[in-house]
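Each remark here refers to the structure printed beneath this line.
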Amino acid sequence: MFELPVLLGSFSESQSLVRKKLRYRYRNEIKNQYKRIKIHDENGQLTPESSHTELDDHESRSRVCRGRKRRLYDLRDREEHGFESDSSEAQDEVGDLPEKEEEEIGHEERKYFKNHEKPEDLYEVWHVATERRKVPIQRQFVSYNRLQTIERRAKRKMEVPLLHVSRVRSSEFSAEIDGYDVVSRGDETTHFENKHIQLLVTLLHRHISTENWNLAYKVFALLIRMPRVDIRAVWNLGVAILARRDSTTAIDFLEWMHSVYSNKHRFIQNVNHRLPPAFRSGSRTHTAQYTTTWLWLSLRAATEQAQEGAPTTLEPLELLTDKTSELLLTPPYMDDSEVWFIYCSCYFVKADILSRNIHSDLTHNVHAFSSSTMDLRRNEVVQSITRCQKTLHTAEEKSDQARHRAHAYWELPTGYIKRQLQQIEKRLTAQSTPRDQPSSPAHYENYGLGDTELAEDQADIDAFPIEEDNSFLQALDTQPLSDNFL
Amino acid sequence: MSTFIRGPVCGTDNCPSRLWRVIAGRRTCQYGHVMEGDIEFNNDEDDVPQLGSMTRRLNLTTTALGTFQSSFNASQLVDPSSTKEQHKKIFGYDARILFLKAFQFILRKQSSYLLHHKNFPQEFPIVVKLVWSHYLKYVNDNDPLANATFSEDEDDDDEIPNSRARIRQRGRANKLGLNINTSVTILYLAAVHLRLPVYTEDFIQWICSSSFPYYKANDQLPKIWQKRLPNYYLGLLNGGRALTGTQFCKKIASTVYRTNFNQHFQDTINLPSLIFRLVGNTTLLPEFYFYTMAMIKRVEKSTDFPVIPSDKPSFNAYHQTPEMKVIAYFILSFRWVLLSDSSRKHKKQTFSSNWLRALKAFQTGWQDSESVTDDNYSNDTLSKQITELFSASDKTDPIDWSERKTLRYLNWLQTTVVEKQSSLRTNSLTIDQNIAQRKLHKLIPLKTDQFPLPTTTPGNITYVEDLQEKYLKVRASLDDDTLHVDAFDTKSNEREDLIARLEYQFLCIISAQFFVPMDILEDCVRRTEEHCLKQIES
């Protein structure tokens, strides 16, 4: 039912590779045939003419003798499409496969997908309709007879590769190109390892959905110990389970993911990823999902700890700030507005908590602190505020850049944060003025991704940062200090 | 004025830069990569303020050994020694000899497993050796490399018009026909010779529950052999997927043919215990044992069912293999005895419909009742549960597994697959990967207090106790009043219907046990029925 989180190179894998290879080879062959008769099918295949013309074809075939018929069709085609008629079939029998294509036979799939864009930050292949890439819809028709010729030739080209595959595979292939759906024997694998992995994945999903966390944990722990399992395909489920009990384990696990799978290579368009790269890996231009999740989760944990009130509890927050600042020096993160925004949030939380402490001290016992200590503490807050503003500005810039490049981008709650910063500033001086009520958490709704295509990402982000900052704000609201004003 | 100096290509992370300059005494490329091992102390004080404004940080990681490296390169992670060992592979005649040796090694492991874990008799390994020596004789007589019959082969090729067939034939000529399944058949045949009460079913069950050295058997070979054997041969010795009943029958037939088993050995299977087992598994009354025996004696004139020889790749005479034959006779005797029983209307029926109904109710409620039973499950039920996973007629979806059943499976997986594999796997990883792996396993241990789970231990219910319980359950459901319907005797259709349904259920059970698809099983029964009718007529 679920796809196997395994790396390449298993038995069943090789079987499906053979199938894929045949399919794409045929598809490329068809494309070549179209090219030969100079029809462009760059944006989708041509539509065959309606069935009544097909009947006409048959009638005319019975009426007209063969030689004449062909000339007739060639003429008609020329009239219809304004194209040169195809070269005679004799040439086709010579087998004029260019040598270059012979070399690439092993990479039929790659060749096919060369014409498709595979954005790495999205889950699926999108035919992105940016201004640059706009293409008209394929409106051309192809006569039924001509389509048959094309298919016949492509089939003839397939004879040689079909010679070497098993009989089952070749009959499956011929059924597929005739438009039948081959009923496979399910995703039933008989391979030992795959069978157990498949079962484990099924059990994992089942127990997560029924919220049986104890069993789900056990399944997950076993699954990552199975040979050949790629943990990058199941890390999200693992975090969901681990975070259920203790967020520190989840954060440790994500940190492990980040340190082990910190891929900084370039994303290569030509590679056809078996599992979608968006959630599985990072590259030089794309921050891995587990890294951002790790940062968000640790920000949440640090905020929660800082709110407890003890003076040492700012440590995890500062540690996180240091880590983020280090990350921001290297390629994928330095251009990612999300990471910049996390960095900004670190300062924001710090400024807020420090200012709150000052405020409560001021209102409770005004003369307890010497003015110089107070100045130092104020300076710290001011520093945080300026840093926050600075980083927010950078995050905005990066987000704008991403938008211009038609990538996924962040719409940042700039206005809200700025307003909040102003209030924090007021706290420093407000000794007797009543404290402004912070705006309601609903303002955070304009938070998150602007790109509607990224609904999944949105959900992901919804789950972590918003909730966590909300709780932080709500905690702010219910602080006893507001009562003291009344 | 540019301060860059043209030099070699930087190459770090595919950096294309050829331009270098000196920053703080280190040679740095246009994009900020520092040249390794090149430190230059700049004595010119003039340049310092000019260059001091440029700062770049280099992403340094440490390798496992504590030294710095600028970034992970795929080429760096590959152990250089592994590439050298590629050349150690041997080919041709030497490889064949080594392969035979390896095969023998696995055969010995398997037979010693049976000896120690399944209480096989002491003589068993000797018989295995005998069968194997007969097989070796066949290999020796048909060795294409030794006989050097290539020229003849080529003559043959011209006669075969179909190129597909030519490819196939050439492939076959070079093969020894040995793989891990052959070793299982040799063990099976040795058991047949000793008339041990083990059948194809048992071997498949042992294979599926992974205790038998079959799956990844090539990992158990000595390391040097593994390195030297070509991958093709290693693949032959790696039981990747579960053996199905039909494959097993086919392989047995070919091994029988090759070892000339029928001439040299005792070739009839242990009939009584197989029938007994069938009766026990279907919880039929013990009378059916005698019915089946009588029927076999009547039709076949003897109770000797020999294993059949055939070396055809297109072997499909499954109804002639002894096990299938016995199963077919058993099903037929069940059907015919009960049907003829009902036709005698003037007498009282020997087997009441009530009993049939109770049996039916028991069989349908089988799956549920099993999950309800106590923790004290036997190892037998566990291995059955796992075998079910691989069987062709897989009816139970793991999604519907009860918590206890799931836990039972997970514990089994932990002890047999994961823990066994982990030691093998760590050898193939580099030291970095190993450390990362260990860290992960420490982070996510198999057992934590945060996610507590009840512990289950396999009980020690014997086969006899299990059987007793089953019969008691049938007996209990016979007492169930809801099953008693008055005046059922008048409706003869209902009885026939019940019999047909029960027969189908038995076929399901047997097909799952013997790993044979339902259609083949039904076909076997049909063919045997025809055979019986012919015999009776003549």
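Enter the Cα centre distance for the pair the stretch A:317-377 and the stretch B:251-291, rounded to the nearest angstrom. The distance from the Cα centre of the stretch A:317-377 to that of the stretch B:251-291 comes to 80 Å. By definition, a body whose alpha carbon gyration tensor gives a ≥ b ≥ c is prolate when a/c is 1.5 or more and a/b is larger than b/c, and the stretch B:216-293 fits this prolate description.
Across the options B:Thr268, B:Tyr257, B:Leu332, the greatest Cα extent toward the positive end of the charge dipole of the stretch B:219-362 (unit charges at beta carbon of Lys, Arg, Asp, Glu) belongs to B:Leu332. This ranking places A:Glu108, A:Glu255 by how few other beta-carbon atoms lie within 10 Å of each, fewest first, which gives A:Glu255, A:Glu108. For the set B:Lys473/B:Lys534; B:Lys216/B:Lys405; B:Lys227/B:Lys420; B:Lys137/B:Lys384, the pairs lying more than 31 angstrom apart at their alpha carbons are B:Lys473/B:Lys534; B:Lys137/B:Lys384. Residues B:Lys301, A:Lys195, arranged from fewest to most other Cβ atoms within 10 angstrom of their Cβ, appear as B:Lys301, A:Lys195.
Residue ranges B:303-312, A:245-254, B:317-326 sort as B:317-326, A:245-254, B:303-312 when ordered by packing (mean number of other C-beta atoms within 10 Å per residue, highest first). Here are some pairs, B:Lys118/B:Lys312; A:Lys20/B:Lys312; B:Lys109/B:Lys439; A:Lys195/B:Lys129; A:Lys21/A:Lys157; A:Lys35/A:Lys111; which of them have Cα atoms lying more than 23 Å apart in this structure? Exceeds cut-off: B:Lys118/B:Lys312; A:Lys20/B:Lys312; B:Lys109/B:Lys439; A:Lys195/B:Lys129.
Residues A:Glu29, A:Glu380 in ascending order of nearby Cβ atoms (within 10 Å, fewest first): A:Glu380, A:Glu29.
Values quoted throughout were computed directly from the atomic coordinates according to the rules given, and no laboratory measurement underlies them. Here the structure is a predicted model, which means the values were calculated and not measured. In this analysis, Cβ positions are derived from the backbone assuming ideal geometry, glycine residues included, and neighbour counts consider all displayed protein chains.
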